[in-house]
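Q: After the structure tokens below, expect a handful of questions from me.
The values are calculated or read from the model by the stated rules, or taken from the named source; none is laboratory data. Bear in mind the structure is a predicted one, so any value in this text is a computation, not a measurement. As a convention, Cβ positions derive from the backbone with ideal geometry for all residues, glycine included, and neighbour counts pool all protein chains shown. The accessibility values were calculated without ligands, DNA or RNA, using every heavy atom of the protein model including side chains. Shrake-Rupley method; radii C 1.70, N 1.55, O 1.52, S 1.80 Å.
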Amino acid sequence: MSISDRLAQIPDSYFGKTMGQKVEHGPLPLINMAVGIPDGETPKGIIDCFADAIRLPENQKYVAFHGKDSLKQAIVDFYERQYQVELDKEDEVCILYGTKNGLVALPTCIVNPGENVLLPDPGYTDYLAGVMLADAQPERLVLKPPYYLPEWDKVDKKVLANTRLVYLTYPNNPTGSVATKAVFDEAVAKFKNTKTKIVHDFAYSAFGFDGKNPSMLQSEGAKDLGVEIFSLSKGYNISGFRVGFAVGNKDIIQALKKYQSHTHAGMFGALQDAATYALNHYDDFLEEQNETFKKRRNQFEAKLNEVDIPFEPMKGGIFLWLKTPPEYDGETFVDYLLQEQSILVAPGIPFGEHGRNYVRISLALDDQALLEAAERIQSLKYLYQ
């Protein structure tokens with residue numbers, strides 16, 4: 001088989017293997033609760049802008065490698081408006097072809113072989129691939145229920161001494177936990193004046209049910225050692241567009257831009273125009289998205305509470321972290337739900353060892369489907385007794 005040793009050692013992407021594949025399920029109509037993208041349509045104004053931009057002659061040619069000035073300015077304005085964070089559009093902004101590309105590329109950009117990278121456990125599955133592609137050493141940053149926040153004093157000091165990058169992600173995928181500004185203040189203070197950098201994956205920024213999610217860059221000194229990676233996919237319902245950006249520490253941003261200049265040739269100009277329009281015109285839509293998922297969270301959790309089925313409190317994001325019954329781990333419970341209730345969910349194991357006895361449930365379905373799914377899960381209360 002023609003595959004390099006480095007690539008061969010990396011586990012297959014769980015969602016790369018499963019997304020879009022036909023599944024065999026029980027007799028009921030299938031309810032797919034494994035999908036990690038909001039279910040609504042892209043706002044018409046964004047679509048219209050994209051369609052018009054395709055027809056512009058300047059968008060039918062190569063564009064500047066590091067993006068249009070208009071998009072970079074929209075990012076700067078958005079962060080000032082939403083988080084009161086000032087950014088330099090040339091030195092502190094990097095446009096990304098979907099945030100996954102930036103998150104996976106980052107270790108190659110700033111970490112040397114053999115150095116440690118702390119990965120949240122539970123946390124997003126594909127961080128690990130980026131670490132292994134860089135020949136770096138992944139180490140667990142164990143996050144414990146119910147709040148799933150870092151406990152820095154419990155990380156081995158020898159591990160920390162050789163750590164060059166820490167991944168944080170709030171609202172957390174998969175647990176639905178959130179962080180306050182104080183959490184980021186503590187992390188920044190912990191690694192101030194060290195060689196350790198921080199990347200905050202802010203993919204679910206729009207979804208904070210008890211209050212607005214803070215940006216890590218709001219913490220004093222954050223730009224001295226960290227970057228935040230922001231996705232347009234979830235908040236604006238444009239996951240298929242593949243647009244995101246990194247902002248923050250200028251040295252890390254320049255490293256990402258250098259990497260991209262060798263691996264990409266500039267984002268499609270019309271796509272940049274559509275992203276610019278979204279950032280400039282749809283702040284209200286982000287609030288509507290948040291209210292939609294807050295309502296879904298409230299209704300779904302209420303159904304589980306009626307029959308005492310255990311789950312972790314969902315404070316943000318679009319996923320609910322459900323405990324498995326005592327006789328099941330995540331993978332066996334996924335199979336049981338699929339065959340007995342025709343519900344497809346994601347096992348917790350791909351998100352880290354501490355997800356072994358959980359499954360991740362997406363609330364990105366319409367109200368009727370969510371109600372039906374909740375009632376089917378309610379019928380399994382006997383498994384938890």
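Q: Ignoring the sites themselves, what is the longest stretch of the chain with no trypsin sites (Lys or Arg not before Pro) in a DSSP loop and at most 15 other beta-carbon atoms within 10 Å? List each step's numbers first, then the result.
A: Numbers: sites that count: K22, R55, K61, K192, K195, K212, R356.
Longest run free of exposed loop sites: 213-355.
Q: For the chain, compute Rh as the Kirkwood radius over C-alpha pairs and then the Stokes-Einstein diffusion coefficient at 37 °C and 0.692 mPa s; write the answer in µm²/s, rounded to an integer.
A: Working: Rh = 21.6 Å.
The estimated diffusion coefficient comes to 152 µm²/s.
Q: Between E90 and Q339, take the C-beta separation as r, use R0 = 56 Å, and let me know the FRET efficiency to the nearest 0.05. Walk me through the intermediate numbers first.
A: Working: r = 55 Å, r/R0 = 0.98.
So, using R0 = 56 Å, E works out to roughly 0.55.
Q: In degrees from 0 to 90, rounded to the nearest 10, what is the angle of the helix 181-191 Cα long axis to the longest principal axis of the chain?
A: 60
Q: When Lys and Arg each count +1 and Asp and Glu each count -1, what net charge do the other residues less than 14 Å away from L56, Cβ to Cβ, add up to? Walk me through the intermediate numbers first.
A: Details: positive: R55, K61, K68; negative: D48, D52, E58, D273.
That sum, taken over residues with Cβ under 14 Å, equals -1.
Q: To continue, here is another question. In nm, to one decimal, how far is the modelled label at T194 from the one at T332, with both set 7 Å along Cα→Cβ?
A: Going by the 7 Å Cα→Cβ label model, 3.9 nm.
Q: Moving to a separate point now. For region 30-125, what does the alpha-carbon gyration tensor say about shape, rounded, prolate or oblate, given a ≥ b ≥ c as the root eigenvalues, a/c under 1.5 as rounded, and a/b over b/c as prolate? Before the final figure, lay out the partial values.
A: Working: a/c = 1.76, a/b = 1.21, b/c = 1.45.
Oblate, because a/c is 1.5 or more while a/b does not exceed b/c.
Q: I would also like to ask the following. What span do the alpha-carbon atoms of region 310-354 cover on each of the three principal axes, reported in whole Å from largest to smallest?
A: 30, 22, 19
Q: Next up: For L383, put the label point 7 Å out on the Cα→Cβ axis and report which residues of region 310-328 keep their amide N under 12 Å from it.
A: Under 12 Å, as judged by backbone N against the label point of L383, lie 310, 322-328 of region 310-328.
Q: For region 74-223, go through all pairs of different Cα atoms, get the mean of 1/r, take its inverse, and jot down that Kirkwood value in Å.
A: 16.0
Q: May I ask you to evaluate 6.51 cos²θ - 1.76 cosθ + 1.60, the Karplus curve with θ = phi - 60°, for each residue of region 206-217 and list the ³J(HN,Hα) values in order in whole Hz, giving x for glycine and proline?
A: 6, 10, x, 8, 10, x, 5, 5, x, 7, 4, 6
Q: Based solely on its DSSP helices, what 222 nm [θ] is calculated for the chain when runs of n ≥ 4 H residues each add -39,500 (n - 2.57) and the sum is averaged over all residues, nearest 500 deg cm²/dmol? Please list the in-between numbers first.
A: Working: 13 runs with 145 residues, N = 385.
It lands at -11500 deg cm²/dmol.
Q: Also, I was wondering about something else. Name the shape class, rounded, prolate or oblate, that the alpha-carbon gyration tensor gives for region 300-385, where a ≥ b ≥ c are the square roots of its eigenvalues, rounded holds for a/c under 1.5, and otherwise prolate holds if a/b is larger than b/c and oblate otherwise. Before the final figure, lay out the partial values.
A: Numbers: a/c = 1.35, a/b = 1.15, b/c = 1.17.
Note, shape of region 300-385 comes out rounded.
Q: Is region 204-278 rounded, prolate or oblate when judged by the Cα gyration tensor, a ≥ b ≥ c being the square roots of its eigenvalues, rounded requiring a/c under 1.5 and prolate requiring a/b larger than b/c? If you can, show how the numbers build up before the last one.
A: Details: a/c = 2.76, a/b = 1.09, b/c = 2.54.
Taking the square roots of the gyration eigenvalues as a ≥ b ≥ c, region 204-278 is oblate.
Q: Moving to a separate point now. Amide H to amide H under 5 Å from K197: which residues, 5+ apart in sequence or cross-chain, H placed 1.01 Å off N in plane?
A: Amide H to amide H, under 5 Å and 5 or more residues apart or across chains, K197 pairs with L165, V166.
Q: Among V117, L7, F65, whose Cα sits farthest toward the positive end of the charge dipole of region 1-153 (+1 at Cβ of Lys/Arg, -1 at Cβ of Asp/Glu, about the Cα centre)?
A: The one lying farthest along the dipole's positive direction is L7.
Q: Return one whole number: the accessible area per residue of the chain in Å², for a 1.4 Å probe.
A: On the way: 17300 Å² over 385 residues.
Value for the chain: 45 Å² per residue.
Q: Can I ask one more? In the chain, which longest range has no GluC sites (Glu not before Pro) that are both DSSP loop (not H, G, I, E or B) and surrounded by at most 15 other Cβ atoms within 10 Å? Walk me through the intermediate numbers first.
A: On the way: sites that count: E24, E41, E86, E90, E151, E220, E327.
Between exposed loop sites, the widest span is 221-326.
Q: At 10 °C and 1.306 mPa s, what whole-number value in µm²/s does Stokes-Einstein give for the translational diffusion of region 163-217, with Rh from the Kirkwood sum over Cα pairs? Can you show the working numbers first?
A: Values: Rh = 11.8 Å.
It comes out at roughly 135 µm²/s.
Q: Where does helix 69-83 land angle-wise versus the long Cα axis of the chain, in degrees 0 to 90, nearest 10?
A: Tilt of helix 69-83: around 50 degrees.
Q: Hey, another quick one. Give me Rg over Rh for region 272-317, both radii from the alpha carbons and Rh done the Kirkwood way, two decimal places.
A: Across region 272-317, the Cα-based Rg/Rh ratio is 1.23.
Q: How high is the FRET efficiency from D283 to Y147, r the C-beta distance, R0 30 Å, rounded to 0.05? Mind dumping the intermediate values first?
A: Working: r = 29 Å, r/R0 = 0.96.
My answer for the efficiency is 0.55.
Q: Could you tell me the center-to-center distance, by alpha carbons, between region 298-328 and region 179-226 in angstrom?
A: 27
Q: Note the angle between two axes, namely the Cα long axis of helix 367-378 and the longest principal axis of the Cα atoms of the chain, as a number of degrees from 0 to 90, rounded to the nearest 10.
A: 50
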